[in-house]
Structure formats: structure tokens, C-alpha cells
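The values are calculated or read from the model by the stated rules, or taken from the named source; none is laboratory data. It should be emphasised that the depicted structure is a prediction, and the values quoted were computed from it without experimental measurement. When we count neighbours, we look across all protein chains shown, and the Cβ atoms used for this are built from the backbone with ideal geometry, even at glycine.
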Amino acid sequence: MNFTLKVWRQNDGDSKGHIEEYPAENIPIEASFLEMLDIVNEKIIGDGGSPIHFDHDCREGICGMCSLTINGVPHGRENGTTTCQLHMRHFDDGDTIWIEPFRAGAFPVIRDLVVDRSAFDRIIAAGGYVSVRTGAAPDANAIPITKEDADHAFDSATCIGCGACVAACKNSSAMLFVSAKASHLNHLPQGAPEKDRRALNMVQAMDEAGFGNCSNHYECEAVCPKSISADNVAKLNRDYAAAAVRKALA
Amino acid sequence: MSLNLQSAVPSGPIDQKWTKHKMESRLINPTNKRKYSVIVVGSGLAGGAAAATLSELGYGVKCFCYQDSPRRAHSIAAQGGINAAKNYQNDGDSVSRLFYDTIKGGDFRSREANVHRLAEVSVGIIDQCVSQGVPFAREYGGLLDNRSFGGTQVKRTFYARGQTGQQLLLGCYQALSKEISNGGVQMFSRTEMLDLVVVDGHAKGIIVRNMVTGEVSAHAADAVVLATGGYGNVFYLSTNAKGCNVMAAFRAHKRGAAFANPCYTQIHPTCIPVSGDYQSKLTLMSESLRNDGRIWVPTRSELAEKIRSGEISAGDISEEDRDYYLERKYPSFGNLSPRDIASRSAKEVCDEGRGIAPTGLGVFLDFRDAIDRDGRDSISARYGNLFEMYEKIKGENPYSTPMQIFPAVHYTMGGLWVDYNLMSNLPGLHVAGEANFSDHGANRLGASALMQGLADGYFVLPSTIANYLAEQEPGSVTESHPEFSRCLEETNTRIGNLVSANGKRSVDSFHRELGLLIWDKCGMARSSEGLEYALKRIPEIREEFWENVRVPGSGAQLNQELEKAGRVADFLEFGEVLCHDALSREESCGGHFRLEHQFGEDDPEVIDGRTQAGEAKRNDEDFCHVSAWEHTGVGTKPKLTREPLVFENVKLSIRSYK
């Protein structure tokens, strides 16, 4: 297959970026999107150029390292798929493909398509955990948890922290990411004691990192490669409101 | 002078060694702990757990990872589950049985005391993870569910759908985040370790490169922990993440740490087959699928040929023309035979011309019978995400067409040599998780990697490291020591050499060439002839690499080609150690299969029915030992020291899964 790529190139965070055009020729139909970029990069290196930088690691759709906004959509148009799991058989021969970084004020560009998502780590460090020391745990079956609650917690906990939700949102809001972690932990008995602190502190860290507000457009849910539900946002709003009231009355 | 390989295994009965050792270990009082600093390289299950727990204890911790966040370490990709001897199923499980299964699964090539400790500690891991909020699968009664994995006959595997590694790693990452937020851990993401600094024979620091700014800097500490994973990417194609590499472990090896049993590499039986030379990695399909999937190929090669050419499909093959070869050869374990055995069997049937993938290298993993028996919904609840992943990659629906699978490099049992305290022969250098060699012998059982990583990180290392630290004056070595500037200079020179080589070939082209060579000559079947050929070729490839590699750009900013070049340069040296080890081990055991050493029709063990022709033939008389290799210079043969393996509790026997 053959494609024309329009790729965002930017030498570093301080320089201006631009779109550059590259041919992607003789791409096997079984290739993944990132393998297609590998082939293009081999050609660029062979021609003495500077290869396109992009983040990736596991290439199994689970580590959350890959990003890319493909034809305007974070992770491309296939539903529930990370960029690394996207395959060229979903494109047509001769297509022009636009490739840009995940864009958000809180995700500054490092080089080309590589962005800095460390703001997510700061949000988790603000309260996305259960404060339990190693060795202090009771027997694993001491507290039964209904299968439904465990399954719901799991569904929220599958977030891979890729940041597609932010890149898709016109406000660059991180509410889907934050709420997925908050509702994973807030609705398990182990996470309940810190529920209020967690909701207040994580939201505060999110605001401080420069992410925008949620205005319920659900673009985040639509692009999420793990199909995290926007219901989590509603749950976090509820937990936050309750926590804020309890704090005010305390 | 040969290496000092004292295993430091405590005396006494095996089930009391760990308790006794903890009792006799040194303690450092809480006020003094604050004065000690520990460097942890790697943030996966072993490194993340160790960093978090050491910080909880009060040590000052610096943690480093090459990914943009500690949450992305490759432990995250583990699918199937984690073993623990909880016996929640009342099916006869116990610490002793997990211990025995692991020793036998490792083909009697691991250290008894370490494995027993692993089995003991496993129980606490599940408690710890549940209390962190890890959402393991549960039954309707609200209690934890289990499933079964290869090489065992009990259900002791805890799981979170097909994403157990992800959930465990996130639990660990959250514990680490808690310690980052309270200042106990200083986290350095996108930072790669490029060298180990050894001062007066002790590991006292590391040299790292900030992958964003390119800045190379030195960090000193009272002890160093490497939890940097395995070396599977020496094969280029593997189920490892693209960034996984041997650099940290190999740099330590070059500074004096012994590398043990590198030839024990695990080829996982159920991966999506290779389809072309454009391919960048291989994808695992969890072993848990073998709970319900049946592995088969046609009985005759003519039928296989018709499938390969697309003339007929799997559904056209009648029941009597299907060979469920694992069920036939190993009736008591069937499709859940251990990984090394299942992989070799797949290779055998493909070598006979019965492979069904277009390349000839593939077998079916078929869910037809399980779907008929349990219904599509319950199969989907168990494996839904794996089926989706398969469909994304192959473009075929496994609910209606059997999966095509073939073995692929997955895990490496070998690693840096460690004693019972997880300390290498270099005092101060500790090694945890896949990066060390100690617990899995010649073959790792499914769902045991997560167990070992977390055991080392949460429970073993935080306790044993005090034995070393208590004898050190905290902060006695700082970055101002001349050894740090010497190592910094060496690192900068090496980076300079890579970017200035200015040759014609890309880094990947060298990596692919090396990987293909190692896979052919040191993969699923090895021979002295092949290994000698590899040992001749590797130095040639390495020499060309340094003359003809092209690394565009400079070292002064994010430069992914430079990162890859440094890693491939080390693989080009490490590959030789791997082949030397495989060549010197004149036996077959676990993942190491030497064509010269297999049972034949005339062997008494085959005649009396204890095993069958073609199975791995161990040589306990000459090879019941750990092979630890010492670096002697680039391109010269490393020096071998043996640590004898003593079995006091388990009787060495033919490893049969019939």
C-alpha cells in the first residue's frame, strides 16, 4: 500500500513546528500504524534525514505510551484502539494521513510527536492511591466485595493514562482520566476512608496542572481506547460536591 | 581468582530458613534509616514495589525509569495472572506444593531456598494488592476467584481479566506515587542508566542520561538496586516492549557483576505468528487461554498444505483428522503443559510440515468446544479483551475461526547472579525481578513472574538490604569521588562515538540481523555447530556496527536513534555471553534445548515409559549448577564460575507431564 503522510515536525519545545510531507511506500497490508512509521523512518535515515520522533513502548495497547492524533482523532478513528494496535488494513491505498501530537496546554511538545504527560503523574500523586503500607494488609478474603462492585472498579481501573481524553476535549479537560481513578478507588471498601480527600486533592492537582473544565461533550469517551465510561465523571462530580460540603461543615 | 559466589542460604529446615533469616538479619533503627540513600533502577513490579516499600521504611530513594512515567513499565503487559498458595479453592494447594511445582517447572535448575521463600511470601502479596484496591476477579459471593495455569494441577492463579499485570502494576505505581508525594521517593522518568559506578569494590552509584535534555549526570547512593527486566529483545522480535533492554544489567556485568544462566530463555507457546520482515514485535496471547482453548494441527501434512494455501479452512477438517498433540502426548496436563514443552511440541509439528499459518509456522488454538460447552458469553467474560486484541492484529474473529499461534521469545530466566539476600557478587548491588536469575531455574511457570517481581520488591529486598546497609557509613561516597567523573567521561565518549560513526546502516537493521541470528542458532533448538557459527558472526556484526551505524542528530536532546544505538551496542556484546553459556551447557533442560541431548528410542527411560523420545535430557551429574559468567573484555570469552545446586528437599527426577 502507498500513503502520503502529513507529519508535525518540531525540533524541541521552544521552536516552532510545521507540517512536513512524506511518502509511505510499499507498506504491507498487515503492518501496524507504528510499523508503517518505522518503515518511513528507515527511509528517512537512509536518505540522511532526521527520523520522526514518536512515543511508543509495549505495542500491545496497554502501557499507554503511544499517542498521535491521526486525521484529527487521538489514536485514529478505530473505536477502542490505541495507535499501536491500529493496523493499515483500515486505511485505503493512496490515502493522505495527517499525524499530529496530542495537543493540550498541559501536554507541552518535547519533540515532533512526543509530548510531556507528567501532569498525569502529579494528579495521581495528589491522591490516586490507597494509603496502605506494605505488610499492613488483612487477609485478601477478609472483606467480601460484590462481583458487580469489583467489575465496576475494574472497568474504571483499565484506564491506561494515555491522555487521548485530554487531546480530544475542546477544553483540554482531564476529567475522564481523573474520574476513572477516583471512581475505581472511591467505590471499593479499601479506598473509602480517603474518598473525600482523594476527590478534593486530585481535582485541585488537575486544575493546577492547567487542564480545562468538563462541559459534557463526551469526546473523551468517544476516543478512549479502553472505552472508559463518562459516567465516571458524574460520579466524581458527586463525590467532589459531597466532599466539599462535608469540608465546609467540618 | 574465581568469583566469590557464596549463596548465603541460611541453615536449618527449608520451611524455617526465611523466618530464621529475617530474625537474624540486621536492623537499622528508624532514625538512622533516613540517613541512607538507595538507588532503584526500573519501576516495574520489582522496582516500583521496592522503591515504594524502601521509602515507607524510611530510606531516601531515587527511582529511575526510561519510560515517560513509572506506570508504563513492561510488567503492565502481563496478562494471565499471579500465583499464590492461598488454597482458597480447597484443592490441595499449599506452600510446599507451589514450591515443588516451581522447582519441577524449572527443571531442577533453581535454588531450593529461594524458591521456597517465594512460595511462602506469595500469600502476603495477594493481601497487599487487594488492600491497595487491585480489582481482582471475584465470585458472586464476593470472594476472590482463581484459575489454573500451565504446569500445575491446582487453581492458584489470581487474575484481573486478561490484564492482571496492568492492575498489579497500577497498584504498585500508586504506592510509589504516595511515596513520591510525601517526598520519600525522588522519581526520574525518561532517564536511562548508562553505567554503574563501583568504588573500592562496592556499587555506589550510577551514570544516567536525561533522555529529554541529553544531560548525562552521576548519582551516588549507599546501595543500588537493579530491577530492569529481562534481555528478550536480544532476539529483536519478542513479546517485550520495544524499549526493554539489557543495558543496566550488562553495564553492571562489565563492572564486575556475574551474569548467571543467560541461556535459560523462555519461548512462550501462544503468540501471534510472525507474518513478515516489517514486523516490530510479537504479541502474546495469554496462557490462560489454554484453560479452554485446544491446540491442534491436522494429522497429515497434505491437509495442512491445503489450509496454508487457503484451499480449505480449519472448519473443513474432520475430528479424526485433527491432532490435539498436547492432549495426546501429555494426557495429565494436556493443553496446560508447561511453556517449554508446549513450545517445542509446536515446533516439532511445524517441522513435520503440519503447520497451518501461511509461513508454515503456526498451530491452531481452538475455542469451538469451549463455546459449545459454556456458551459464547462466558468465554467472552473470561477472555474478551484477548479475543479483541487478536482480532485487531490478525483481522480474524476467534469466536468463529480458531486462533493461529506460534512460540515467541517472552521471558528470560537468566540474569545477574544474586545470593539469598538478592545481592550480586558486587557488594551493594542488588538485583530484583526478571533481572536476577534465582527463582525460575531453566523454565518459568505461567503466572510466576508477577509473583516473583512483587515478592522481591515488597517483601524480600526491603528486609535483606539492611544486611548490607548496616555495615556502611551512610553517605560515605558522594558524586565528588573521582570514579564518578571517570565513568561520566567514559559515557560521554561512548555517546560521542555513536553519533559520530556516521555510517550507512540504521540501528534497527543491525538489531534485526543480530536477532535473526540468535533466534536461528540459540532459539528453540540449539546445537554446538550453530552456536559456534553465531559466536563467529556476532563479533563481525558488532565490528560493522561501530564502523557503519548511522545515528542522526546529537546527544544534546531527545534522540530515539541514539537510545536504540546504545542498547543494541550492548546486545551485540551480550549475545556472545548468551551463546557461550548455551554452548557450555551440554545438556537440555527447560528452555535450553540442545539437539545433541535428547532422549532416544533406545534409552532405558524411554523403554520403561518414564519419558518419550525427543524429550529434553538433563545431565545432573555434570550440570546441576548455576553457570555464572565474569566479564573479561569485549570479544574475549567470559570466565565461568559454577555455583553447585544442592537439592535437600526435592528428589531430582525426570520431569514428566505425561
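Quick check on the range B:275-295. Is at least one of its residues within 28 Å of B:I379 (Cβ to Cβ), part of a helix (DSSP H, G or I) and of a type in the set (A, V, I, L, M, F, W, C)? Yes, the range B:275-295 has at least one match. Considering (1) touching a Gly at 6+ places or on another chain (Cβ under 6 Å); (2) of a type in the set (K, R); (3) in a helix (DSSP H, G or I), the lone condition that B:R109 does not fulfil carries the number (3).
Confirm whether B:V123 is modelled with pLDDT of 95 or more, out of contact with any Lys or Arg (no Cβ under 8 Å at 6 or more places or on another chain) and surrounded by fewer than 24 Cβ atoms within 10 Å (Cβ to Cβ). Considered against the rule, which asks whether it is modelled with pLDDT of 95 or more, out of contact with any Lys or Arg (no Cβ under 8 Å at 6 or more places or on another chain) and surrounded by fewer than 24 Cβ atoms within 10 Å (Cβ to Cβ), B:V123 comes out as no. Residues in the range B:98-105 include at least one that is among the acidic types (D, E), in contact (Cβ under 8 Å) with a residue 40 or more places away in the chain and either closer than 23 Å to B:I267 by Cα or touching a helix residue (DSSP H, G or I) at 6+ places or on another chain (Cβ under 8 Å) (or both). The number of residues in the range B:135-148 being at the interface with another protein chain (Cβ under 8 Å from one of its Cβ atoms) and either within 14 Å of B:G453 (Cβ to Cβ) or charged (D, E, K, R) (or both) comes to 2.
Quick check on A:F120: is it more than 9 Å from every other protein chain (Cβ to nearest Cβ) and either surrounded by 15 or more Cβ atoms within 10 Å (Cβ to Cβ) or under 30 Å from B:E120 (Cα atoms) (or both)? Considered against the rule, which asks whether it is more than 9 Å from every other protein chain (Cβ to nearest Cβ) and either surrounded by 15 or more Cβ atoms within 10 Å (Cβ to Cβ) or under 30 Å from B:E120 (Cα atoms) (or both), A:F120 comes out as no. Residues in the range A:156-182 that are assigned to a helix (DSSP H, G or I), under 15 Å from A:S227 (Cα atoms) and touching a Ser or Thr at 6+ places or on another chain (Cβ under 7 Å): 3 in all. In a loop (DSSP other than H, G, I, E, B) and touching a residue at least 24 places away in the same chain (Cβ under 8 Å): is that true of A:G13 in this structure? Considered against the rule, which asks whether it is in a loop (DSSP other than H, G, I, E, B) and touching a residue at least 24 places away in the same chain (Cβ under 8 Å), A:G13 comes out as yes. Checking each residue in the range B:70-90 for being facing chain A (nearest Cβ under 8 Å), out of contact with any strand residue (DSSP E or B) (no Cβ under 8 Å at 6 or more places or on another chain) and within 18 Å of B:Y383 (Cα to Cα) picks out only B:I76. Which one is nearest to the chain's Cα centre (by Cα) among residues in the range B:547-598 that are among the hydrophobic types (A, V, I, L, M, F, W, C) and more than 30 Å from B:D107 (Cβ to Cβ)? Looking at residues that are among the hydrophobic types (A, V, I, L, M, F, W, C) and more than 30 Å from B:D107 (Cβ to Cβ), I get B:V568.
The selection criterion, being out of contact with any Leu (no Cβ under 6 Å at 6 or more places or on another chain), in contact (Cβ under 8 Å) with a residue 24 or more places away in the chain, closer than 30 Å to B:N146 by Cβ and of a type in the set (D, E), holds for A:D149. Among the residues making up the range A:14-41, those that are surrounded by fewer than 16 Cβ atoms within 10 Å (Cβ to Cβ) and facing another protein chain (nearest Cβ under 10 Å) are A:N26, A:I29. Is at least one residue of the range B:239-258 free of Cβ contacts under 8 Å to residues at least 40 places away in the same chain, in a loop (DSSP other than H, G, I, E, B) and within 11 Å of chain A (Cβ to nearest Cβ)? Checking the range B:239-258: at least one residue is free of Cβ contacts under 8 Å to residues at least 40 places away in the same chain, in a loop (DSSP other than H, G, I, E, B) and within 11 Å of chain A (Cβ to nearest Cβ). Selection of the range A:82-92 for residues being within 24 Å of B:I272 (Cβ to Cβ) and not aromatic (F, W, Y) yields A:T82, A:T83, A:C84, A:Q85, A:L86, A:H87, A:M88, A:R89, A:H90. Beta carbons closer than 6 Å, at least 6 apart along the sequence or on distinct chains, pair a first residue in the range B:70-95 that is within 17 Å of B:F158 (Cβ to Cβ) and in contact (Cβ under 8 Å) with a residue 40 or more places away in the chain with a second that is buried (at least 24 other Cβ atoms within 10 Å of the Cβ) and basic (K, R) for B:N83/B:R156; B:D93/B:R156. For the structure I just gave you, tell me whether B:E192 is outside any loop (DSSP other than H, G, I, E, B), touching a residue at least 24 places away in the same chain (Cβ under 8 Å), in contact with a Phe, Trp or Tyr (Cβ under 9 Å, 6 or more places away or on another chain) and of a type in the set (D, E, K, R). Here the answer is yes, as B:E192 does meet what is asked.
In the range A:178-211, the residue that is nearest to A:N232 (Cα to Cα) out of those that are within 12 Å of chain B (Cβ to nearest Cβ) and hydrophobic (A, V, I, L, M, F, W, C) is A:A180. Condition check for B:A447 on (1) at pLDDT 95 or above; (2) buried (at least 24 other Cβ atoms within 10 Å of the Cβ); (3) assigned to a loop (DSSP other than H, G, I, E, B): one failure, at (1). The residue that is farthest from the other protein chains (Cβ to nearest Cβ), among those in the range B:263-287 that are more than 13 Å from B:K394 (Cβ to Cβ) and hydroxyl-bearing (S, T, Y), is B:Y264. Going by the structure shown, is B:L361 in a strand (DSSP E or B) and in contact with a strand residue (DSSP E or B) (Cβ under 6 Å, 6 or more places away or on another chain)? For B:L361, the condition - in a strand (DSSP E or B) and in contact with a strand residue (DSSP E or B) (Cβ under 6 Å, 6 or more places away or on another chain) - is not met.
Would you confirm, using the coordinates I've provided, whether A:R133 is in contact with an Asp or Glu (Cβ under 6 Å, 6 or more places away or on another chain), among the charged types (D, E, K, R) and surrounded by fewer than 17 Cβ atoms within 10 Å (Cβ to Cβ)? Answer is yes for this residue. Going by what's in this entry, would B:G530 be described as on the phi > 0 side of the Ramachandran plot and either of a type in the set (G, A, S) or in contact (Cβ under 8 Å) with a residue 24 or more places away in the chain (or both)? No, not satisfied.
Checking the structure you have, find out if any residue of the range B:596-604 is closer than 23 Å to B:E532 by Cα, charged (D, E, K, R) and either in contact with an Asp or Glu (Cβ under 7 Å, 6 or more places away or on another chain) or not in a helix (DSSP H, G or I) (or both). So far as the range B:596-604 goes, yes, one or more of its residues are closer than 23 Å to B:E532 by Cα, charged (D, E, K, R) and either in contact with an Asp or Glu (Cβ under 7 Å, 6 or more places away or on another chain) or not in a helix (DSSP H, G or I) (or both). Please indicate, with yes or no, whether at least one residue in the range A:218-226 is within 25 Å of A:G61 (Cα to Cα) and β-branched (V, I, T). Checking the range A:218-226: at least one residue is within 25 Å of A:G61 (Cα to Cα) and β-branched (V, I, T).
Scanning the range B:126-148 for residues that are surrounded by fewer than 20 Cβ atoms within 10 Å (Cβ to Cβ), of a type outside the set (S, T, Y) and in a loop (DSSP other than H, G, I, E, B) yields B:E139, B:G141, B:G142, B:L143, B:D145. Of the residues making up the range A:55-75, those that are surrounded by fewer than 24 Cβ atoms within 10 Å (Cβ to Cβ), in a loop (DSSP other than H, G, I, E, B) and more than 10 Å from chain B (Cβ to nearest Cβ) are A:N71, A:G72. Going by the conditions given, is B:G151 under 18 Å from the mean Cα position of the chain (by Cα), in a loop (DSSP other than H, G, I, E, B), farther than 21 Å from A:G135 by Cβ and away from chain A (no Cβ under 14 Å)? In short, yes.
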